[in-house]
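Here's the structure we're looking at; comments come further down.
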Amino acid sequence: MSVNTARAKLLRNTGFYIAAFLGTVFVATPILFALLGGFKDNQQLRENALGLPNPWHVGNYLDVLADGTFWRQLFNSVFIALVTTFIVVAAAAAVAYVFARFQFRGREGLFTLFAAGMMFPFTVAVLPLFIILRTFEMLNSPLGVILPQAAFGLPLTIIILRSFFRQIPGEVEEAATIDGAGPWRFFLQILLPMSRPVIATVSVLALVGSWNSYLLPLVVLSKPTWQTLPLGVTQFQGEYATETAKVLAFVMLAMLPALIFYAFAERQLISGLTSGGTKG
């Protein structure tokens, strides 16, 4: 290896590590600020916003955990996210299988129609969606959040799964057919188990997207019975506007389940993205 090549490689690696470090600092700083801020009181936040708590106030977190509203909103977020994810992945897998492995007239045009759903942001559909949900009496119901979230999550999920399903060799399907497996038996017993990494990837994307959803629950869930944690953060902030430290504790506890889930799912997410699931 020549000196110039080694120098260029060193510069590339150095640039990569600097970019990774800056990205980590950019992402981690607000989280660390909220975490430590929850252990302070308002006076410490005013006088020493960036320093360590002195003394540490655990009461902010304990007060939030003792509030039944927090646990109800946590349950609502988990329930809505899990059901949304199941519907998105199950429906998208079946549709993507048809688009990937079956030949029929208008297939590409229909697939393009599905893909076009990614071009329209949710804000464009707020008014007609609200009217539809009101007509079907789905306001203040978890289904009023779950079904629209699933519908908006389908296009990207179908695109990812279709790309992966198309890369499964045809010889695998032919061998299954010779053994007596029909198309849907091949799909359920062979294709889906082979697609575990990409299924995990789209599941993570759907789950995190539902967990972080704010506008749709805000429009649909006006009563507190089914309100989710993102709405709870806003309400808690309004109720305890003068107690900034307690608000930071609530925000941190609301973020914690998603952070823990992502930490455990990170390997599956990366595995799915590098296994060909996002390639055309």
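The values are calculated or read from the model by the stated rules, or taken from the named source; none is laboratory data. Owing to the predicted nature of the structure, the values given are computational and were not obtained by experimental measurement. Heads up, the Cβs are rebuilt from the backbone with ideal geometry, glycines too, and the neighbour counts pull from every protein chain shown. We work out accessible area using only protein heavy atoms, side chains counted, and drop any ligands, DNA or RNA first. Shrake-Rupley method; radii C 1.70, N 1.55, O 1.52, S 1.80 Å.
Side notes on the structure shown:
- Over the range 69-279, accessible surface divided per residue gives 53 Å², non-protein components excluded, 1.4 Å probe.
- Extension gain for T14-T69 works out to 15.0 nm (0.36 nm per residue, less the C-alpha to C-alpha distance).
- Simple point charges give the picture: +1 on the Cβ of Lys and Arg, -1 on the Cβ of Asp and Glu, and for the chain a dipole about the Cα centre of about 720 debye.
- Among G23, G37, G109: highest mean-square fluctuation, GNM of the chain, C-alpha pairs under 10 Å: G23
- Top positive-direction residue, dipole computed over the chain with Cβ charges, set A150, L36, A94: A94
- Simple spin-label estimate for T24 and I131 gives 5.2 nm between the two label positions (7 Å along the Cα-to-Cβ direction from each Cα).
- Given their separation in residues at 0.36 nm each and the Cα-Cα distance between them, T112 and A90 gain 5.9 nm when the chain is fully extended.
- Interchain or long-range residues, amide H under 5 Å from H57's placed H: K40
- Candidates L32, L231, L154, ranked by Gaussian network fluctuation over the chain, Cα under 10 Å, top entry: L32
- Rounded to the nearest 10 degrees, the angle from helix 107-116 to the longest Cα principal axis of the chain is 10 degrees.
- Under a Gaussian network description of the chain, with springs only between Cα atoms under 10 Å, the residue in T14, T135, T112 that fluctuates furthest is T14.
- Site pair L50 and L62 shows an inter-label distance of 3.2 nm when each label is modelled 7 Å from Cα along Cα→Cβ.
- In nm, spacing of pseudo-spin labels at I178 and N140 (7 Å Cα→C-beta vector): 6.2 nm
- Dividing the summed helix terms, -39500 (n - 2.57) for each DSSP H run of n ≥ 4, by the number of residues in the chain produces a 222 nm estimate of -24000 deg cm²/dmol to the nearest 500.
- Rounded tilt (10° steps) of 196-211 against the dominant C-alpha axis of the chain: 40 degrees
- Overall, the accessible surface of the range 69-279 at a probe of 1.4 angstrom is composed of carbon and sulfur to the extent of 68 percent.
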